[in-house]
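The values are calculated or read from the model by the stated rules, or taken from the named source; none is laboratory data. On a predicted model such as this, the values are computed, not experimentally measured, just so you know. Positions of Cβ are generated from backbone atoms using ideal geometry, with glycine treated the same way; all protein chains shown enter the neighbour counts. For accessibility, only protein heavy atoms count, side chains too; no ligands or nucleic acids. Shrake-Rupley method; radii C 1.70, N 1.55, O 1.52, S 1.80 Å.
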Amino acid sequence: MTTAGAVAGDPRALLPPDAPVRLLDDEGGLHEADAFPLDLKDADLVALYRFMVLARRVDRQAINLQRQGQLGVYASLLGQEAAQVGPAYALGDPDWVFPSYREMGAALVRGIDPAAILHMFRGTWLAGHDPYDANFALLSIPIGTQALHAAGFAMAAKLDGAGLVAMSFFGDGATSEGDTHEALNFAAVFDAPCVFWVQNNQYAISVPLSLQTRAPTIAHKAVGYGMPGYRCDGNDVLATYAVARRAVDRARRGGGPSLVEAVTYRMEAHTTADDPSRYRTETELGEWRAKDPIARYETFLRREGLLDDALSEEVEQEARELVARVRGEIYDAPHGDPLELFEHVYVEPGPHYDEQRRQLRRELDGAGEA
Ligand SMILES: Cc1ncc(C[n+]2csc(CCOP(=O)(O)OP(=O)(O)O)c2C)c(N)n1
């Protein structure tokens, strides 16, 4: 007879460590941890830096484009570069990412053209990229749905013997959603090769973490599902990489899912439609500015002799060229036909659906006449 709970061994082994895993100190000094080995070559260490810088420059460009009326809205990743680049870099080619709307950094690592992501925020068309090009699913705006997509995808991949891992990115707020709960439970029960990557950026729009949950940490929630919970310094790209690597390897070996909480901070507004000065202080912002993920990593690379002014300028030049191309592609891009929205939802549209299509047609015609 099975007894309550199906965790083999000591469930305390699933608990996150007391302090977040941190491999780089404030001065950029490296302190390796046996449980989270780094298997990175010098070229990888530089690549992590390059992706973080490119992500930050594209992010700034996107905000500017929104300010110029070129994007409808945009959700910034400023401050969260390490929390995205590290885990995305820990994935292999066959693996899949199921992102939220804030994952420009992860998209860049997967080889998605940032212009494609921004076409979505512009509304040029329904989605700017083909998920199958780089195993990067469409951005999920409804909170937490992508956790379900990842769990289901991972379960199917396991049945197919595909040997791949699905990583879902979501925020601290999403952990309060029913969808996320169901995803975590299903993934655990079915040993799905899944990594649930939570960027705890301290806020869900204006709701601070203290009002979001009574759990000691987000990583502690994992224990309730019977999966390991990890916690890492989300502004330390070596820690995010190493912890993700462990969770990804575990999933790939058939060990089942993990939940990782990357502790970070959203330095910008929630989206360009938000005014964060109404719910957080300059003092708090200043404290997190001092923990900037790129500055800390740059100090490490320079100490190691892996970065000098020439290489830094090379990356900046690449970033300038990238954002110039993105800007050129987005600026005044023609909008698609909004009615195309109806083409890709149902194979056999029902009568309500037809009525909705007619209604939108009338509204569009009316707008044209006004
Ligand atoms: C199902 C659903 N409910 C509400 C919203 C409105 N909404 C948009 S972003 C957001 C906060 C999400 O916070 P979090 O999960 O912490 O992610 P973050 O935006 O901080 O990255 C909410 C409630 C939504 N998009 N979807």
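Observations, loosely collected:
- Taking the stretch 141-163 as the range and being touching a helix residue (DSSP H, G or I) at 6+ places or on another chain (Cβ under 9 Å) and either near the ligand (Cβ under 9 Å from one of its atoms) or open to solvent by 20 Å² or more (accessible area, probe 1.4 Å) (or both) as the test, the residues that pass are PRO142, ILE143, GLY144, THR145, LEU148, HIS149, GLY152, MET155, ALA162, GLY163.
- Looking at GLU316, GLU348, just one residue is of a type in the set (Asp, Glu), assigned to a helix (DSSP H, G or I) and on the phi < 0 side of the Ramachandran plot, and that residue is GLU316.
- Remark: pairs (first residue in the stretch 335-362, under 11 Å from LEU126 (Cα atoms); second residue part of a helix (DSSP H, G or I) and of a type in the set (Lys, Arg); Cβ separation under 6 Å; 6+ apart in sequence or on different chains) = PHE342/ARG357.
- Residue in the stretch 291-309 that is in a helix (DSSP H, G or I), within 16 Å of the ligand (Cβ to nearest atom) and not charged (D, E, K, R) present: yes
- Checking ALA62, ALA43 one by one, the residue that is closer than 23 Å to ARG246 by Cα and in the same structural domain as PHE196 (by TED's automatic domain parsing) is ALA43 and no other.
- Residue among THR180, THR124, THR145, THR175 that is more than 30 Å from TRP288 (Cα to Cα) and assigned by TED's automatic domain parsing to the domain that holds LEU285: THR124
- Of the residues examined, LEU71 is not one that is surrounded by fewer than 24 Cβ atoms within 10 Å (Cβ to Cβ) and touching an Asp or Glu at 6+ places or on another chain (Cβ under 7 Å).
- For the stretch 254-263, the criterion of a residue being loosely packed, with under 13 Cβ neighbours inside 10 Å and free of Cβ contacts under 8 Å to residues at least 60 places away in the same chain is satisfied by no position.
- LEU23 fulfils the conditions (1) aliphatic (A, V, I, L, M); (2) under 30 Å from ARG122 (Cα atoms); (3) in contact with a strand residue (DSSP E or B) (Cβ under 8 Å, 6 or more places away or on another chain) except for a single criterion, (2).
- Of the set (1) within 30 Å of ASN64 (Cα to Cα); (2) open to solvent by 50 Å² or more (accessible area, probe 1.4 Å); (3) within 16 Å of the ligand (Cβ to nearest atom), all apply to LEU211 but (1).
- Residues within the stretch 55-68 that are open to solvent by less than 10 Å² (accessible area, probe 1.4 Å) and more than 11 Å from PHE121 (Cβ to Cβ), tallied: 3
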